[in-house]
Amino acid sequence: MKKLLISGVFASAFFATSLAQEQTTENIEQPKSEKVVCTGMIKTPALRDMMPYLKVADNYVDPDWKPKDRDKKGFADPSTITEKTDADPIVQKEQGWRDGSNMVKVNFDGIGGGYPPDPTGAAGLEHFVQAKNSNYKVYNKDGSSASSTFSLSALWPGETDGDPIVMYDHYADRWFISQFKVDQSGSQDGILIAISETSDPTGAYYAYNFSVPMNSWAFPDYPKFGVWSNGYYMSANAASDNCIVFEKEKMLMGDAGASMIKMTFPSSIKYFFRSFAPSYAEGIWSPGADDPFYYFHVQDDAWSGVSYDHIKVIKCTVDWNAGTGNVSVQQEIPIASINTSFTTSWDDISQPGTSQKLDAVAGIFMYRVQYIKRPDFNAALMCTTVDVNGNNSVAGIRWFELRQDNADPSGDWYLYQEGTYSPDNTSRFMGSMAMDINGHIGMAYLVSSSSTSLGIRYTGRYANDALGEMTITEQTAVDGNSYQNAANRCGDYSQMSLDPGNNAIFWFTGEYMNALNQPRVRIFSFSMWELEGQGSESGTYPNVGIEEQVLPSYFNAYQPDPSTLKVTWNNIKDDQFDIQLIDMTGKVIKVERVAKADEQKSFEIPSFAKGIYLVRLVGNNTDLSDKVYLN
């Protein structure tokens, strides 16, 4: 029996009248929470002093690849999926009309090898850090090497397993590297997290071990992380303890007493994977410590127990003093008809020259969901892979922008825009997207078809373009030149991040295939404000075809080395202003008058200064502040 689909204009009217739009609140469960101290912490030697890692063989099959990974999907039984055969009702069938040929900044190969590579990486102020299964490396932003390639076991001796995640924490100017832990005894599986001691990713790390006792469904597989003001939030493809928050403030200080708060997502959320997408805060306006955290998950009415296509908005709060947390469904937001179900074998995406197909990794929002705060609204950007034509032959990217008006972190979310990007018969999957400081959106993804080898492309849109359209003509970051035949697992991860140095450049990393049938990982960056020779010398980013937007005042405070605090700023409205360093009791430790034209100032850190401080910029027309973590 085929399921009746409601599409187009009729769908909007139906949802508006019968579902009262997106205000459904579902908070019938009160999941238990438990605070647990980490099982161990070490401080590593400086990365730059470690021995380099031996290269992983190009035909290496990662031990994480095994059938049981995909058995954890919620619908292994085909009878639980109702067949959908209708085409996507909002598909964009043509390329965008804006020229994007001058967008690329840097474009180079990262560390390679492995099936699947699980590529992950993030941009900081001066570096790009990449990890994949088994190893990691630090690059300068011009693509040159800032370190050798190192084994992940250099951070946690004897504990290398897989599914790493790299994040840049813009609140603290620190680096976060994680992976799951497989305990061969079968009792102490868990999550490993390393936090850089300073802003230098080639320096030392505080390496933590958090235990998640294993049962048959509790292993923290396919973990996803998000940066927030009061913690590092995680989801995992496990039946319990699948929502975990890690005690960020203690971890930044190298405190061996750092804890995690474990919770379990409400059972009312249906899934292919339980790795519900966590928010990842970026941008110059940062969520505060009291702002609730959000996870998001797509819901397809072809799945058993889902009555209409929608997005679940899942709110999470923690109280570190009480050691408690709560996670609950806040809203259900109706979306256009969507088909996230491909084949139950996970052989979905065609390749040229081989019958081996690739896993679309459908039924979940891909990593990451960017949370970006602006003066007048908050936005969450997310995408998932969909069956475009209803016969499993072409995959496309369904993307969404959700908003909260008035930048109210506790307000209701609503669907601002959505679209399905599939301008031809090439499949697009494993996408990731973000919004820049001007409100422009960039999106990158993998491509493959029976005539197109596995490669990476990207597109985007301007803030004032017609809603639901990617208006930048699709660009190629790297073409594929062969096929993958070792397994159907491809990528498993890709990752977009926003450059914290100017908040106007997108960075992406993902898998492609080179001419020797070898998996490779690409790193590239692109921006939209420099198109057609546009620049930012006047303090504005002129946008092609829309009004100029004046950039707001902002600053960054970080610790480039143990004895120095560095403050940089842009677009300050006063010619002169004060920089204040304030401790957590409110005592002003240091004040210095600086000139706007200086653009930066370095301070010597007193020997007693280890801890959390407030840096404040104060002038006649300036009052900016943010936390800084000094070691």
- [ ] With the checklist (1) buried (at least 22 other Cβ atoms within 10 Å of the Cβ); (2) within 25 Å of H127 (Cβ to Cβ) in hand, flag the one item I244 doesn't pass.
- [x] (2)
Task: Residues located in the range 400-413, provided they are free of Cβ contacts under 8 Å to residues at least 60 places away in the same chain and not in a loop (DSSP other than H, G, I, E, B) - done: E401, R403, Q404, D405
Open item on the list: Being of a type outside the set (D, E), more than 25 Å from Y222 (Cβ to Cβ) and touching an Asp or Glu at 6+ places or on another chain (Cβ under 8 Å) narrows it down to one residue among N481, N464; which is it?
Closed with: N464
- [ ] Take N631 and decide whether it is out of contact with any strand residue (DSSP E or B) (no Cβ under 6 Å at 6 or more places or on another chain), within 24 Å of T198 (Cα to Cα) and either at pLDDT 85 or above or surrounded by 13 or more Cβ atoms within 10 Å (Cβ to Cβ) (or both).
- [x] yes
TODO: Would you check if there is a residue in the range 414-428 being assigned to a strand (DSSP E or B), touching a His at 6+ places or on another chain (Cβ under 8 Å) and not basic (K, R)?
DONE: no
Task: Counted residues, the range 606-624 - those being in contact (Cβ under 8 Å) with a residue 24 or more places away in the chain and either within 12 Å of V567 (Cβ to Cβ) or among the aromatic types (F, W, Y) (or both) - done: 5
Open item on the list: Condition (residue is at positive phi and surrounded by fewer than 24 Cβ atoms within 10 Å (Cβ to Cβ)) applied to the range 384-392: is it met by at least one residue?
Closed with: yes
Open item on the list: Within the range 262-271, does at least one residue satisfy the condition of being outside the structural domain of N570 (by TED's automatic domain parsing), more than 29 Å from V386 (Cβ to Cβ) and modelled with pLDDT of 90 or more?
Closed with: yes
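Across the range 90-126, what is the number of residues that are over 17 Å from L446 (Cβ atoms) and either among the hydrophobic types (A, V, I, L, M, F, W, C) or part of a loop (DSSP other than H, G, I, E, B) (or both)?
Residues meeting the conditions: 22.
Considering only the range 561-582, state which residues are of a type outside the set (S, T, N, Q), modelled with pLDDT under 85 and buried (at least 16 other Cβ atoms within 10 Å of the Cβ).
The one that is of a type outside the set (S, T, N, Q), modelled with pLDDT under 85 and buried (at least 16 other Cβ atoms within 10 Å of the Cβ): I582.
Residues are listed down the side, and each one gets a yes or a no for (1) charged (D, E, K, R); (2) at pLDDT 85 or above; (3) in contact with a helix residue (DSSP H, G or I) (Cβ under 8 Å, 6 or more places away or on another chain):
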site	(1), (2), (3)
K590	yes, yes, no
D598	yes, yes, no
S607	no, no, no
K610	yes, no, no
R616	yes, yes, no
Open item on the list: So for the range 409-425 (the condition being in the same structural domain as N392 (by TED's automatic domain parsing) and on the phi > 0 side of the Ramachandran plot), does at least one residue qualify?
Closed with: no
Open item on the list: Just the residues that are within 15 Å of G363 (Cβ to Cβ), hydrophobic (A, V, I, L, M, F, W, C) and in a strand (DSSP E or B), please, taken from the range 272-321.
Closed with: A277, F296, V298, W303, I311
Open item on the list: Please return the ranges of strands (runs of 3 or more DSSP E) entirely within the range 441-532 where 2 or more residues are over 24 Å from A362 (Cα atoms) and modelled with pLDDT of 95 or more.
Closed with: 519-527
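Can you pull out every residue in the range 264-319 that is farther than 28 Å from I81 by Cα and in contact with a Lys or Arg (Cβ under 8 Å, 6 or more places away or on another chain)?
Y280, A281, G283, W285, S286, P287, P292, F293
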TODO: Just name the residue that is nearest to S144 (Cα to Cα) out of those in the range 78-124 that are aromatic (F, W, Y) and surrounded by fewer than 18 Cβ atoms within 10 Å (Cβ to Cβ).
DONE: F108
Task: Which listed residue, of F377, F342, is free of Cβ contacts under 8 Å to residues at least 60 places away in the same chain, touching an Asp or Glu at 6+ places or on another chain (Cβ under 8 Å), of a type outside the set (D, E, K, R) and within 30 Å of Y512 (Cα to Cα) - done: F342
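Residues are listed down the side, and each one gets a yes or a no for (1) modelled with pLDDT under 75; (2) of a type in the set (D, E); (3) closer than 30 Å to Y208 by Cβ:
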site	(1), (2), (3)
K43	no, no, yes
P52	yes, no, yes
D62	yes, yes, yes
K66	yes, no, yes
I81	yes, no, no
A87	no, no, no
V91	no, no, no
Q95	no, no, no
D99	no, yes, no
- [ ] Return the total of residues in the range 318-371 being β-branched (V, I, T), farther than 15 Å from S235 by Cβ and either modelled with pLDDT of 95 or more or outside the structural domain of V227 (by TED's automatic domain parsing) (or both).
- [x] 4
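The values are calculated or read from the model by the stated rules, or taken from the named source; none is laboratory data. Computed from a predicted model, the values in this text were never measured in an experiment. Neighbour counts run over all protein chains shown; Cβ positions are idealised from the backbone, glycine included.
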